[in-house]
Amino acid sequence: MSEIAQNLKKIREEIPQHVKLIAVSKTKSVEDIREAMQAGQLAFGENKAQELTTKHEALPDAEWHYIGHLQTNKVKYMAPFVAMIQSVDSLRLLEEINKHAQKYSRVIDCLLQIHIALEETKSGLSDVEVVQLLEHPQLQDMKNIRICGLMGMATYTDDTNQIHKEFRGLMDLFQKIKHNYFSHNDAFKEISMGMSSDYHIAIEEGSTMVRIGSSIFGERNK
Ligand SMILES: *Cc1c(COP(=O)(O)O)cnc(C)c1O
């Protein structure tokens, strides 16, 4: 068994059935991704629009998730095929996704990215901003996007209490939003949290989707 296949097997044994595994393949080769697919992995995550498009062309049968910061002018490249955009951080971006999804008669699944970390460099909406977005009247007109939940990245730290606290905060916000805005909408059900260093904690705190890169494919070249 290849190293990638072994890593996948080990991770699948560790995570519950209901938690979806997104294999983060950024910077990794098409050959590496193909190996993961042969080991039964279908969903992959990328954080650059160009790289996502190139890899989709090479491997159209994979399910592609976009997890990086997205500029509005790049939406058009992924609109025909992207399975989920997990990093939506503005109404303007949602509007653009909606517009391009409409051209392809698609409904694109989206997650709202929430800023939960101490690091300012990590992006995402604040608790106040996400409420403003959800209460914006324009949102009701966007028929070609589906808001499926929230995504967040915890602080990169050894302090596991801090990580627990951040993921718990995201879970609390998810529950509040679910109750206030999506109580009759079954699509709003995903909490995408947990990466190689913290997915065990994320799962304890209720993650439904983990995004794991280096523990599957090995360290990335910077
Ligand atoms: C790179 C990345 C991951 C995966 O990180 P690893 O530490 O390699 O598991 C997860 N989520 C996002 C948003 C990323 O950019």
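The values are calculated or read from the model by the stated rules, or taken from the named source; none is laboratory data. Remember, predicted model here, so these are calculated numbers, not experimental data. Neighbour counts are summed over all protein chains in view; Cβ atoms, including those assigned to glycine, are modelled from backbone coordinates with ideal geometry. Side chains included, ligands, DNA and RNA excluded: accessible areas come from the protein's heavy atoms. Shrake-Rupley method; radii C 1.70, N 1.55, O 1.52, S 1.80 Å.
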**Q.** Residue count for the stretch 67-90, restricted to those that are open to solvent by 10 Å² or more (accessible area, probe 1.4 Å), hydroxyl-bearing (Ser, Thr, Tyr) and either within 16 Å of the ligand (Cβ to nearest atom) or part of a loop (DSSP other than H, G, I, E, B) (or both)
**A.** 1
**Q.** Filter result (open to solvent by 30 Å² or more (accessible area, probe 1.4 Å) and closer than 24 Å to Gly149 by Cβ) within the stretch 41-66
**A.** Leu42, Asn47, Lys48, His56, Glu63
Q: May I ask you to list the residues in the stretch 184-206 that are within 12 Å of the ligand (Cβ to nearest atom) and either touching a residue at least 60 places away in the same chain (Cβ under 8 Å) or surrounded by 19 or more Cβ atoms within 10 Å (Cβ to Cβ) (or both)?
A: Ser192, Met193, Gly194, Met195, Asp198, Tyr199, Ala202
Q) Is there any pair with a first residue in the stretch 19-31 that is under 17 Å from Ala49 (Cα atoms) and without any contact (Cβ under 8 Å) to a residue 40 or more places away in the chain and a second that is open to solvent by 40 Å² or more (accessible area, probe 1.4 Å) and more than 9 Å from the ligand (Cβ to nearest atom) whose Cβ atoms are under 9 Å apart and which are 6 or more apart or on different chains, and what are they? A) Val30/Thr54; Val30/Ala58
Q: Considering (1) crowded, with 18+ Cβ neighbours inside 10 Å; (2) away from the ligand (no atom under 16 Å from the Cβ), say which one Leu93 fails and leave the rest.
A: (2)
Q. How many residues are modelled with pLDDT of 95 or more and open to solvent by less than 40 Å² (accessible area, probe 1.4 Å) if we restrict to the stretch 117-142?
A. 7
Q.
Just to verify a result, which residue in the stretch 167-182, among those that are out of contact with any Leu (no Cβ under 8 Å at 6 or more places or on another chain) and open to solvent by less than 70 Å² (accessible area, probe 1.4 Å), is nearest to the ligand (Cβ to nearest atom)?
A. Phe167
(Q) What's the total number of residues in the stretch 1-50 that are away from the ligand (no atom under 12 Å from the Cβ) and not in a strand (DSSP E or B)? (A) 33
